[in-house]
Amino acid sequence: MEVRLEKPGTEGVDMPREALLTSTLVELADSLVDNFDVVDLLSRLADRCVEIVDVTAAGLLLGSPDGELRLLASSSEAVRVLELFATQTDEGPCIDCYRTGEPIVNFDLGDAAGRWPKFAPKAVEAGFMSVHAIPMRLRGQTIGALNLFRAHEGALREIDVVAAQALADVATIAILQHRVTSDAQALNEQLTQALSTRIVIEQAKGVVAERADVDMEQAFARLRTHARNHNLRLTDVAQAVSSKALPVSSLDG
Amino acid sequence: MTGGRRARILAELADGTDGDVTAVRLCEVCRGVTGMSGAGIMLMSGDLPLGSVGTTGTVSALIEDLQYTFGEGPCVDAYKLDRPVLEPDLADPAVLRWVAFTGPAVEAGVRAIFGFPLAVGAVRLGALNLYADRPGRLSDDQHADALVAADLAAEAVLGMQARGSSGVVAAELEHGANFQYVVHQAAGMVSAQLEVSVGQALVRLRAHAFGHQRLLADVATDVVARRVRFAEQDASGGPGAP
């Protein structure tokens, strides 16, 4: 089966929903390789949700390190405004879902004024009738929520909920993977940087040892003394000596 | 499947330690779970070896030294190609994969050698090398274990650096490592002897090592001890130098 499609469902033929879901999962999984743009991935996920699941609009929110939810993607401007409102007022299905890690399914917005007094009227005003929130969760850690809005009557079927959760799960894995990679990138750069700093110091010791006819320990002492006397970083002195910008004869000590 | 392997190797790592996993211990576990004769972990950057984080013994250390000296070998290839490099019969005269590396490695008793990339996600750190004192392919099981062991080793190396202070190589990582500092000291000396940059001096040192069939670290030790001196007229590369 050909599943690699740029825009599932826009081929003129109505793709069966399972095929669309499969192709989307493959598309999301494909983005797991190398570095990818998280916002781009989530925007695609929001768009695909609307195509696959029987909803009108979708929004994706991710928790920041300080625990605040931030809107990262939405399938429509109405949802963008609504989700921003929810995060500003700290109220709404996405907030509850993120905090509890539990899905909220088929919540009738007409009956929601008691639960979300600020959010519910705004959502109704935007034309939505019901709302759903799916946690983005892996091994007990909830990193965000997928919010789905319906502008028409009727409940979301079980199969829709399962599909939405599957999409949210793949996105969660992609994002966590991305975070691990970013951390690893930073640590690896630190390590390589630390090693090259050390290497430059060793090179400078060699230059001093040769020019001043001293051993490595004495060479290091001269570099350090010069750095201290002139209030310079040892690394900078070493770099200058190693590149011959600073002659050994001008070193103190 | 992979989860089971991972858990088994992690348990092996934790066994008999108080959660303190040194790089040498890491190598021993990599060797043990794959049933090889020895293992070593090499760090790389920009296609050049930075040095060895740890090895299980003298032969594994020599394997890393040879690759550091000649810039070729299974780790270098695994890192560059970002995939496992498998040489089940290193002594087979029909396949001379590494011109400078193979001879001395075979002489030291290496008969089969395998390099596995050390990476966390898309971030590449270096490579794990495993050798056997007899020729033979890795079984599917050994291959799968080696892949998981390399992943765990990569995470462990970064974990050690994460626990250290920033700006310096973590002490935990220096312990048992060989970052060939003497080579850089010698490069500094040779750069002063020849009035060239340290980069050019390193090239001259490498050429000398290659020409004299010696390890870079040994040549460097002689330079630092002032037993070897580079002079302008010196044909330091010797025969066969690039």
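The values are calculated or read from the model by the stated rules, or taken from the named source; none is laboratory data. Predicted, not measured: the structure shown is a model, and the values here were computed from it. Cβ sites come from the backbone with ideal geometry, for glycine too, and all protein chains shown count toward neighbours.
Inspect the range B:45-52 for any residue being of a type in the set (D, E, K, R) and in contact with a strand residue (DSSP E or B) (Cβ under 6 Å, 6 or more places away or on another chain) and give the result as yes or no. Let's see the steps before the verdict.
Step one: list which residues in the range B:45-52 are of a type in the set (D, E, K, R), which gives B:47.
Add one more test, that the residue is in contact with a strand residue (DSSP E or B) (Cβ under 6 Å, 6 or more places away or on another chain), and what stays is none.
No; the residues of the range B:45-52 include none that is of a type in the set (D, E, K, R) and in contact with a strand residue (DSSP E or B) (Cβ under 6 Å, 6 or more places away or on another chain).
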Practice prompt. Being more than 8 Å from chain B (Cβ to nearest Cβ), over 16 Å from A:Ala245 (Cβ atoms) and in a helix (DSSP H, G or I) is the filter here, so list the residues in the range A:197-220 that pass it.
Written response: A:Ala212, A:Glu217, A:Gln218, A:Ala219, A:Phe220
Worksheet item: Looking at the range A:74-107, which of the residues that are in contact with a helix residue (DSSP H, G or I) (Cβ under 9 Å, 6 or more places away or on another chain) and charged (D, E, K, R) is surrounded by the fewest Cβ atoms within 10 Å (Cβ to Cβ)?
Response: A:Glu102
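How many residues, within the range B:151-171, are more than 24 Å from A:Ser196 (Cβ to Cβ) and either hydrophobic (A, V, I, L, M, F, W, C) or within 8 Å of chain A (Cβ to nearest Cβ) (or both)?
As a first pass, look at the range B:151-171 and keep what is more than 24 Å from A:Ser196 (Cβ to Cβ): B:151-152.
In the following step, the residues that additionally are either hydrophobic (A, V, I, L, M, F, W, C) or within 8 Å of chain A (Cβ to nearest Cβ) (or both) were identified as B:152.
Total meeting the criteria: 1.
Yes or no, residue by residue, for (1) in contact (Cβ under 8 Å) with a residue 24 or more places away in the chain; (2) touching a helix residue (DSSP H, G or I) at 6+ places or on another chain (Cβ under 6 Å); (3) assigned to a helix (DSSP H, G or I); (4) within 11 Å of chain B (Cβ to nearest Cβ):
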site: A:Ala145; (1), (2), (3), (4): yes, yes, no, no
site: A:Glu189; (1), (2), (3), (4): no, no, yes, yes
site: A:Arg222; (1), (2), (3), (4): yes, yes, yes, no
site: A:Gln239; (1), (2), (3), (4): yes, yes, yes, yes
Worksheet item: Of the residues B:Val168, B:Val190, B:Val183, which single one is β-branched (Val, Ile, Thr) and at pLDDT below 95?
Response: B:Val168
Worksheet item: When B:Leu86 is evaluated against the numbered criteria (1) assigned to a strand (DSSP E or B); (2) crowded, with 23+ Cβ neighbours inside 10 Å; (3) away from chain A (no Cβ under 14 Å), which criterion, by number, is the only one it fails?
Response: (2)
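Inside the range B:144-219, counting only helices (runs of 4 or more DSSP H) that do not spill past its ends, which hold 1 or more residues that are crowded, with 23+ Cβ neighbours inside 10 Å and in contact with an Asp or Glu (Cβ under 7 Å, 6 or more places away or on another chain)?
B:181-194
Under the condition of being part of a loop (DSSP other than H, G, I, E, B) and closer than 27 Å to B:Asp140 by Cβ, which residue from the range B:22-45 is modelled with the lowest pLDDT? Working first, answer last.
Taking the range B:22-45 as the starting set, the residues that turn out to be part of a loop (DSSP other than H, G, I, E, B) are B:22, B:35-37.
Among the residues that remain, those that are also closer than 27 Å to B:Asp140 by Cβ are: B:35-37.
Working: B:Gly35: 94, B:Met36: 97, B:Ser37: 97.
Looking at residues that are part of a loop (DSSP other than H, G, I, E, B) and closer than 27 Å to B:Asp140 by Cβ, I get B:Gly35.
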Practice prompt. Please verify whether the range B:114-122 includes one or more residues that are under 18 Å from B:Gly54 (Cβ atoms), crowded, with 17+ Cβ neighbours inside 10 Å and at the interface with another protein chain (Cβ under 8 Å from one of its Cβ atoms).
Written response: yes
Fill in: First in the range A:33-47 and within 14 Å of chain B (Cβ to nearest Cβ) and closer than 21 Å to B:Arg124 by Cβ, second anywhere and part of a loop (DSSP other than H, G, I, E, B) and at pLDDT below 85, Cβ under 8 Å, 6 or more apart
A:Val33/B:Ala122; A:Asp34/B:Ala122; A:Asn35/B:Ala122
